[in-house]
Amino acid sequence: MNLGNLIAVYASLCKELNVPFRFPGSPRAYEVLVNVTGTEVLSKSMEWAATASNTKNEIFNITNGDIFRWKDAWPKFAAFFGVTYAEPQKFSLTAYMENKAYLWNNMVKKYGLQPQTLNMLVQWAFGDFIFGTEYDAFFDVNNARRAGFQEMNLDSIDQMIAYFQTLKDHKIIP
């Protein structure tokens, strides 16, 4: 499950359909505190956990190290994709995307994207879960920090936008 792919594909489909890029959760879910983990910090943490002498049989939560609200991220995501931003409206991405495979396949051809289906890129039910969470949902990373992992100091919104650019550069999204 990849939240970056999900947001990027959703925004790309919104742009293609010329519909607003609307946060698909409730106004409450739009306000909760969340954190995420990018591949850069995750890969560094895996190397650290495998090689550090004090990590054996320990459990660590790993995130980018910051906490944010979707309400702060969503307008920035919309700006990156050049899509109209709209206020939150609770709906199921799974149901909304049910008949969009044809559109994605057409976009793959139209924009010369990598030949990947929607199901290869996105699990919409994961988005329904993440964006449907109406309580603060973030992980305590202090155990990893106390054990010496000090790489969790990234700005998640910036990291996600950089990931979206990587998807564009690799012709995964238009």
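The values are calculated or read from the model by the stated rules, or taken from the named source; none is laboratory data. Everything quoted here is computed from the prediction, not taken from an experiment. Glycine gets a Cβ as well: all are built from the backbone with ideal geometry, and neighbour counts include every protein chain shown.
Within segment 81-91, track down each residue that is more than 16 Å from GLY132 (Cβ to Cβ), at pLDDT 95 or above and surrounded by 15 or more Cβ atoms within 10 Å (Cβ to Cβ). Matches in segment 81-91: PHE81, VAL83. Take the residues in segment 114-130 that are among the hydrophobic types (A, V, I, L, M, F, W, C) and out of contact with any helix residue (DSSP H, G or I) (no Cβ under 6 Å at 6 or more places or on another chain); name whichever of them is surrounded by the most Cβ atoms within 10 Å (Cβ to Cβ). So the residue we want is ILE130. Here the condition is being modelled with pLDDT under 95 and either basic (Lys, Arg) or at negative phi (or both); of GLU16, GLU40, GLU31, GLU47, it holds for GLU40 alone.
Scanning segment 94-129 for residues being more than 12 Å from ASN5 (Cα to Cα) and either touching a strand residue (DSSP E or B) at 6+ places or on another chain (Cβ under 6 Å) or part of a helix (DSSP H, G or I) (or both) gives a total of 17.
Yes/no per residue for (1) under 26 Å from PHE149 (Cα atoms); (2) within 13 Å of the chain's Cα centre (by Cα); (3) assigned to a loop (DSSP other than H, G, I, E, B):
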site: MET1; (1), (2), (3): yes, yes, yes
site: GLY4; (1), (2), (3): yes, yes, no
site: SER12; (1), (2), (3): no, no, no
site: ALA49; (1), (2), (3): yes, no, no
site: THR55; (1), (2), (3): yes, no, yes
site: ASP72; (1), (2), (3): no, no, no
site: PHE80; (1), (2), (3): no, no, no
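In the set SER12, SER92, only one residue is in contact (Cβ under 8 Å) with a residue 40 or more places away in the chain and in contact with an Asp or Glu (Cβ under 9 Å, 6 or more places away or on another chain); that residue is SER92. Applying the set (1) touching a residue at least 40 places away in the same chain (Cβ under 8 Å); (2) over 19 Å from the mean Cα position of the chain (by Cα) to PRO27 leaves exactly one unmet item: (2). Just one of (1) crowded, with 17+ Cβ neighbours inside 10 Å; (2) more than 19 Å from ALA8 (Cα to Cα) fails for LYS56. It is (1). Would you check if there is a residue in segment 73-84 being β-branched (Val, Ile, Thr) and in contact with a Cys (Cβ under 9 Å, 6 or more places away or on another chain)? The answer is yes; a qualifying residue exists. Just one of the listed residues (PHE81, PHE149, PHE129, PHE138) is of a type in the set (A, V, I, L, M, F, W, C) and without any contact (Cβ under 8 Å) to a residue 24 or more places away in the chain, and it is PHE129. Is one or more of the residues making up segment 135-142 among the hydroxyl-bearing types (Ser, Thr, Tyr), surrounded by 12 or more Cβ atoms within 10 Å (Cβ to Cβ) and under 30 Å from LEU13 (Cα atoms)? No, segment 135-142 contains no residue that is among the hydroxyl-bearing types (Ser, Thr, Tyr), surrounded by 12 or more Cβ atoms within 10 Å (Cβ to Cβ) and under 30 Å from LEU13 (Cα atoms). So, GLY148, is that one among the small types (Gly, Ala, Ser) and assigned to a loop (DSSP other than H, G, I, E, B) or not? It is true that GLY148 is among the small types (Gly, Ala, Ser) and assigned to a loop (DSSP other than H, G, I, E, B). Scanning segment 124-138 for residues that are touching a Ser or Thr at 6+ places or on another chain (Cβ under 9 Å) and at pLDDT 95 or above yields TRP124, ALA125, GLY127, ASP128, PHE131, GLY132, GLU134.
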